[in-house]
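Structure, as structure tokens:
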Amino acid sequence: MKKKTQRRLWLRFDRILSQNFLKQLAVLGVVFLVVLAFSYLMLALSGSNWQAFCRSHDLNPWLLPLYLLIDSNALNNLYIDNGVHGWMLFASTISFLLGAFIFNGIIIGLITTSIESRVKDHKEGRIHYLLSGHYIIMGYDNTLPSFITHVFDKDKDAYVLILSSMNAKEIREKLRKSFRQDQLEHIIINYGHRITADTYPDIHLESAEQIYIVGNLQKSSHDAINVECVDCICRYLDQPHIQQRPARITCVFKDLDTYATFKTTDIFQKVSALGIEFIPYNTHAGWAKQVFIRRQYRDFDNRKQTYPYPSVYGNGISADDPKYVHLVFVGTTHFAVAFAMEAAQVLHFPNFMHDSCTTDQRNSSRRTRITFIDINADKEKDEFIIRNRHFFEVQSYLYHDLSTPTPQPQDPVRTEFLKFHGSNSNFLDVEFEFIKGDVFSQPIQDEITRWANDKDHQYLSIFLALANQRSNFVLSMNMPDEIYSNEIPVFIRQDRSDNFVTNLRTTDQRTEDLKLPYAIVENGNLTIQKHQARYANIYPFGMEETAYSADEHSLQRAKLINYLYATANYTTYKFTGVLTLEAIPTQQIWERANAEWKKLSVALKWSNLYSAYAMRTKLATLRAMRHLKPDDTTHDFDTLSDQETEALAIMEHNRWNVEKLLMGYRKPQSKEDKNASPQYADQLKKNKDLFIHHDIRPFDQLGTIKELDSEFTRYIPWIMKMTENMTTQY
């Protein structure tokens, strides 16, 4: 029992001694007081008249023991020079030696150890420096540099605090590969767990500008831990004594289904209740937005350098364009599925249905087609359909088995998984195709070749999204010759650096006057064409260290879209007039837009965001309809003609149909449809709260509500003008 108590006392002593410098000094102070008392005792027991000696030398008797302890020359000055001997000399010598040991040994060692300990604590991220105005990133994985770069884009003098349970020295060394020394000086690494609220006061979480919950994408429990982190932050910020809060929390989700759930469910309504904007983020979907919407990516070594992505719809598609957009994804990985979902949200065009078309006159051959090629496509398609069941209850899909030695006929089989028929089905302008087969097999290669030669009917793009990066690279370097000669864009998923693909493309890209001659003889006649080199149209995507991209333009446009609907007159289906809007101070409009945005549910926020994302596609369409060059912005603010308004209004409703179905809404069955039973319309329309939307139908079947699509379309120039001078954020 005695030994057990002794060990516990030593444990308590070691903990106190190892905690901080002040407690180490306190221990030293206790030792000093004990030694000082011992010095008095030694002099008192020596039998010498030490007090008389002090008086004869004008010394305070009570200071002599202290003098012996702290002055290294005390023994020499007072005793040896004055001939002091005997027990007094012995007692004084003991006191002197104790003092020399404590002050010349322990204190120097303590200071040295304290300096080393502080350096160690700094390197391990256990010292906290930042008080306010900083940006906090919680967790660490290979995508973290892209989040830091985004912060520095907004404010090059900002301080970034990384909270991670990883080794701080290891993180710092990894960041050295991505940032300059002057940038590293603005990056603080603190050790801690993101789901432990005890660390939040140390990093002053409440006074941060923004919080990015990144986590570690390599861990299977990534999403669950990040959700727990958001809950923990909310509980901390909801304390009565905390008055200040961050403006925004961005939370990364790894799983696409989790990400989709948080786009339609107000599970984090408590975040909004605290006045904080909550943004779910998925790196796969983020890359899709870089390819289809922002159409640019960063250089791996120099993040200020960006490279453009090509348009997957050529120079823009007008109402009479005979070609459809065809995206081919090799593999059904997270990247492929995320890209397909984002593409379906934004790639809508007016040539699917002319303004004079009826439902039966839709040109189904001009649907945007999204094709998956996978050796397990028969199984993968079933999972994809179930995950998006409400889409496939309305729209049929294509399936083609090219895995057998004797493949099926060239035309794929149209398969229906429908609950609706007739005019209530197949009215969407997007369709999916699933092809079973090995991409390296001859039947698949022949199919790709056939698509590449079909330049008069489709805008083809190939996305190599296999899980194995080497397979993507090998395939990209060995596509059918028709892919290269017809300048079909090939997008290659890369894990890390884009350098090789970017440099290879840059080397092979040629201006018009430097293109390579290509001579052919047909029917005895020589024809000379001009081509770029072989790899002039290959593009990387998916690089981890440049993964994060925040589209602030689209966010602000989404807020303006919501502002227009929030202030609309739903009796006349009219927005506030443009002249009236232009007379309102801009600051006042933005204040109202931000206030209305905070009131929205998560699902409605995403609805407005997808409408904003599609605005770039609509601008390309407008320029094509006006016979302008794709980069000609001189007429973007012009008032739309009636023909342009109607074409884009139909596009908007087609986009909205797909958006709602992919976000989990479903088309009402006849017994649920307010249009089928108008006498019960008031009761049936409440089904919308259960994600049953009555307006999921062809444009020509809409009632007066379709006037809102036309009204919104007229305000696209105003929205573009309002966001023209925003600072561009990557």
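Residues checked against (1) of a type in the set (S, T, N, Q); (2) in contact with an Asp or Glu (Cβ under 8 Å, 6 or more places away or on another chain); (3) assigned to a helix (DSSP H, G or I); (4) crowded, with 19+ Cβ neighbours inside 10 Å:
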site	(1), (2), (3), (4)
593	no, no, yes, yes
609	no, no, yes, yes
627	no, no, no, no
639	yes, no, no, no
643	yes, yes, yes, no
646	no, yes, yes, yes
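Of the residues 309, 324, 313, the single one that is farther than 25 Å from residue 543 by Cα and either at pLDDT 95 or above or acidic (Asp, Glu) (or both) is 324. With respect to (1) among the basic types (Lys, Arg); (2) in a strand (DSSP E or B); (3) closer than 20 Å to residue 347 by Cβ, the lone exception for residue 414 is condition (3).
From the list 483, 462, the one residue that fits, being within 17 Å of residue 439 (Cα to Cα) and without any contact (Cβ under 8 Å) to a residue 60 or more places away in the chain, is 483. Put simply, of 621, 634 the only residue that is among the β-branched types (Val, Ile, Thr) and touching a helix residue (DSSP H, G or I) at 6+ places or on another chain (Cβ under 8 Å) is 621.
Pairing residues of segment 521-535 that are under 20 Å from residue 501 (Cβ atoms) with residues that are surrounded by 15 or more Cβ atoms within 10 Å (Cβ to Cβ) and among the basic types (Lys, Arg), at Cβ distances under 6 Å and at least 6 apart in sequence or on separate chains, gives 531/515; 532/515; 535/505. Determine which member of the set 289, 270 is modelled with pLDDT of 90 or more and basic (Lys, Arg). Just one listed residue meets the conditions, 289. None of 546, 580 is touching a Pro at 6+ places or on another chain (Cβ under 8 Å) and either among the aliphatic types (A, V, I, L, M) or at pLDDT 90 or above (or both) except 546.
Out of the residues in segment 159-176 that are free of Cβ contacts under 8 Å to residues at least 12 places away in the same chain and part of a helix (DSSP H, G or I), state the one that is surrounded by the fewest Cβ atoms within 10 Å (Cβ to Cβ). Filtering segment 159-176 for residues that are free of Cβ contacts under 8 Å to residues at least 12 places away in the same chain and part of a helix (DSSP H, G or I), the one surrounded by the fewest Cβ atoms within 10 Å (Cβ to Cβ) comes out as 173. Return yes when residue 475 is assigned by TED's automatic domain parsing to the domain that holds residue 385 and assigned to a strand (DSSP E or B) and no when it is not. So residue 475 fails the test.
Checking each residue in segment 202-261 for being small (Gly, Ala, Ser), closer than 15 Å to residue 192 by Cβ and either within 18 Å of the chain's Cα centre (by Cα) or in the same structural domain as residue 598 (by TED's automatic domain parsing) (or both) picks out only 215. Which condition does residue 681 not pass, out of (1) at pLDDT 90 or above; (2) over 18 Å from residue 610 (Cβ atoms), if it passes all the others? Result: residue 681 fails condition (1) only.
Tallying residues that are in contact with a Ser or Thr (Cβ under 8 Å, 6 or more places away or on another chain) and surrounded by 16 or more Cβ atoms within 10 Å (Cβ to Cβ) within segment 661-699 yields 4. Take the residues in segment 232-268 that are assigned to a helix (DSSP H, G or I) and in contact (Cβ under 8 Å) with a residue 60 or more places away in the chain, then tell me which one is surrounded by the fewest Cβ atoms within 10 Å (Cβ to Cβ). In this case the residue turns out to be 257. Of all residues in segment 248-279, those being small (Gly, Ala, Ser) and under 24 Å from residue 141 (Cα atoms) number 1. Is it the case, given these coordinates, that residue 510 is in a loop (DSSP other than H, G, I, E, B), surrounded by 14 or more Cβ atoms within 10 Å (Cβ to Cβ), outside the structural domain of residue 591 (by TED's automatic domain parsing) and out of contact with any helix residue (DSSP H, G or I) (no Cβ under 6 Å at 6 or more places or on another chain)? Criteria met by residue 510.
Here is a yes/no grid of residues against (1) touching a strand residue (DSSP E or B) at 6+ places or on another chain (Cβ under 6 Å); (2) modelled with pLDDT of 95 or more; (3) over 19 Å from residue 616 (Cα atoms); (4) assigned to a loop (DSSP other than H, G, I, E, B):
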| site | (1), (2), (3), (4) |
| --- | --- |
| 340 | yes, yes, no, no |
| 343 | yes, yes, no, no |
| 348 | no, yes, no, yes |
| 356 | no, no, yes, yes |
| 360 | no, no, yes, no |
| 372 | yes, yes, yes, no |
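Condition test on residue 181, is it touching a Ser or Thr at 6+ places or on another chain (Cβ under 6 Å) and surrounded by fewer than 17 Cβ atoms within 10 Å (Cβ to Cβ)? No.
Residue count for segment 536-563 under the criterion of being under 16 Å from residue 309 (Cβ atoms) and without any contact (Cβ under 8 Å) to a residue 60 or more places away in the chain: the result is 1.
Note on segment 293-314: among residues that are in a strand (DSSP E or B) and not hydroxyl-bearing (Ser, Thr, Tyr), the one that is surrounded by the most Cβ atoms within 10 Å (Cβ to Cβ) is 298. Counting only residues that are in contact with a Leu (Cβ under 9 Å, 6 or more places away or on another chain) and surrounded by 20 or more Cβ atoms within 10 Å (Cβ to Cβ), segment 142-158 holds 4 of them.
Among the residues making up segment 196-212, those that are crowded, with 17+ Cβ neighbours inside 10 Å and closer than 14 Å to residue 165 by Cβ are 199, 203.
The values are calculated or read from the model by the stated rules, or taken from the named source; none is laboratory data. As the structure is a computational prediction, the values presented were derived from the model and not from experiment. Backbone-built Cβ (ideal geometry, glycine too); neighbour counts: all protein chains shown.
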